[in-house]
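What follows draws every value from the coordinates through simple rules; no lab data is involved. These numbers were taken from a predicted model, which means no experiment stands behind them. Because the Cβ atoms are built from the backbone with ideal geometry, glycine has one as well, and the counts that use them run over all protein chains shown.
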Amino acid sequence: ATMPPLLSAIANAGRHGVLVKSAVVMERLGQVDAVALDKTGTLTEGTPRVTDLRPLPGSGLREEELLTLAAAAEHPSEHPLARAVVDAASERGLGLPAAEDFASEPGVGVKAVVDGRTVEVGAPARLLDEARSPVAALAEELEEFGRTAILVLVDGSPAGVLGIADRPRPDAAATVASLARLTGTAPTLLTGDNPRAAAHLAAEAGIDDVRAGLLPQDKMNAVKEMEGAGRKVMVVGDGVNDAPALAAAHIGVAMGRAGSDLALETADAVIVRDELAAVPTTVALSRRARQLVV
Ligand code: ADP
Ligand code: MG
């Protein structure tokens, strides 16, 4: 017996490392005419590394003390930046004190009590009011190099800044170009990261339309706006912060290898083999199957 075209397309997508959750999803994939991509973990490899340790002179902390506090607070988090901080500490053989009262806010950062001190780690612009402070200047200096700067607060006071670097995926630019060709529209970048780091990555991936500094609901609203203008939007993301946008999209696609559980559950399709280039391939498979469905 021959398989119905949409079912063989699902099997075919599976061979390319994409898990498509239903025949309806397989059909909808071919209708997509606009794409919004997340940055960290989606267009980038998602294995960022700590490159800079900058304790503030007034904090009284040495580099390794700053890293120890930040890593202890980040330890329970599943965010790629958190893993970078924890890895940097273990590479230096630093023992981590236990974190208590851990809390995380998607798109912002984490907070925990470490050795009796309240430690917050996250986006400088979200944790700090004064944009013109010395810390903001230090963060901007790192961001000019395409780094993601994260701020460490101890008991509410700035203690230092960490610089983190992540590489674009080797297939990022080719995937962006294929998606532009297939959909007839240049893809959009939606990121919670700062505008300078976002612009750096966008240039490497060939994206002009960049929206940075977005909270999870801002990403969702950007998608709803595109859908409201009559577009059928595909969102590709990996994080808890992408879940509302994945849910609002015509099609949500999650990066499987390092994606958060929430993103995997919310998405309509999952890239299991970690190859971004499988996304345009799957859109093309849907288009071909739809031609065969009468
Ligand atoms: P993206 O949209 O690029 O995947 P996120 O929305 O996950 O990025 O994060 C946006 C910003 O929030 C990060 O660049 C960082 O400054 C901050 N942030 C979020 N989670 C964490 C964390 N666990 N540790 C440090 N910073 C964080
Ligand atoms: Mg992400």
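Under a cut-off of 28 Å between alpha-carbon atoms, report the lysines in cross-link reach of K21, not counting same-chain residues fewer than 8 places apart.
Straight-line reach from K21, under 28 Å: K39, K219, K224, K232.
Given H placed on each backbone N at 1.01 Å, which residues far from G46 in sequence or on other chains put an amide H within less than 5 Å of it?
Counting only residues 5 or more places away or on other chains, the set is G41, R167.
Build a GNM of the chain with springs between Cα atoms under 10 Å: which of G109, G60, G213 gets the top mean-square fluctuation?
Answer for the Gaussian network model of the chain: G60.
Using a Gaussian network model of the chain whose springs link C-alpha atoms within less than 10 Å, name the residue from E130, E141, E275 with the highest mean-square fluctuation.
E130
Suppose every Lys and Arg Cβ carries +1 and every Asp and Glu Cβ carries -1, with no other charges. What dipole size does the chain come out with about its Cα centre, to the nearest 20 debye? Could the numbers behind the result be given before it?
Details: 28 positive and 40 negative charges, 276 e Å.
It comes to approximately 1320 debye.
For A284 and A229, what is the calculated FRET efficiency with R₀ set at 22 Å and r taken between the beta-carbons, to the nearest 0.05? Please list the in-between numbers first.
Values: r = 25 Å, r/R0 = 1.11.
Rounded to the nearest 0.05, the efficiency is 0.35.
Under a no-solvent Debye model with one identical scatterer per Cα of the chain, what's log10 I(q)/I(0) at q = 0.12, 0.13, 0.14, 0.16 Å⁻¹?
-0.75, -0.85, -0.95, -1.16
Exposure proxy check: K21, K219, K111 ranked by fewest other beta carbons within 10 Å? Please list the in-between numbers first.
Details: K21 13, K219 29, K111 19.
Ascending number of Cβ neighbours within 10 Å: K21, K111, K219.
Let me make sure I get this right: for the stretch 226-294, a, b and c are the square roots of the gyration tensor eigenvalues over alpha carbons, sorted descending. Under 1.5 in a/c it's rounded, otherwise prolate if a/b > b/c, else oblate. Which is it?
Numbers: a/c = 2.40, a/b = 1.29, b/c = 1.87.
The shape class here is oblate.
Once you sort the root eigenvalues of the Cα gyration tensor of the stretch 49-165 as a ≥ b ≥ c, which label holds: rounded (a/c under 1.5), prolate (a/b larger than b/c) or oblate (the other case)?
On the way: a/c = 1.35, a/b = 1.26, b/c = 1.08.
It is rounded, given that a/c, with a ≥ b ≥ c, falls under 1.5.
Report the residue, chosen from L153, L138, L61, that carries the largest GNM mean-square fluctuation when the chain is represented by alpha-carbon nodes joined by springs under 10 Å.
Of L153, L138, L61, the Gaussian network model singles out L61 as fluctuating most.
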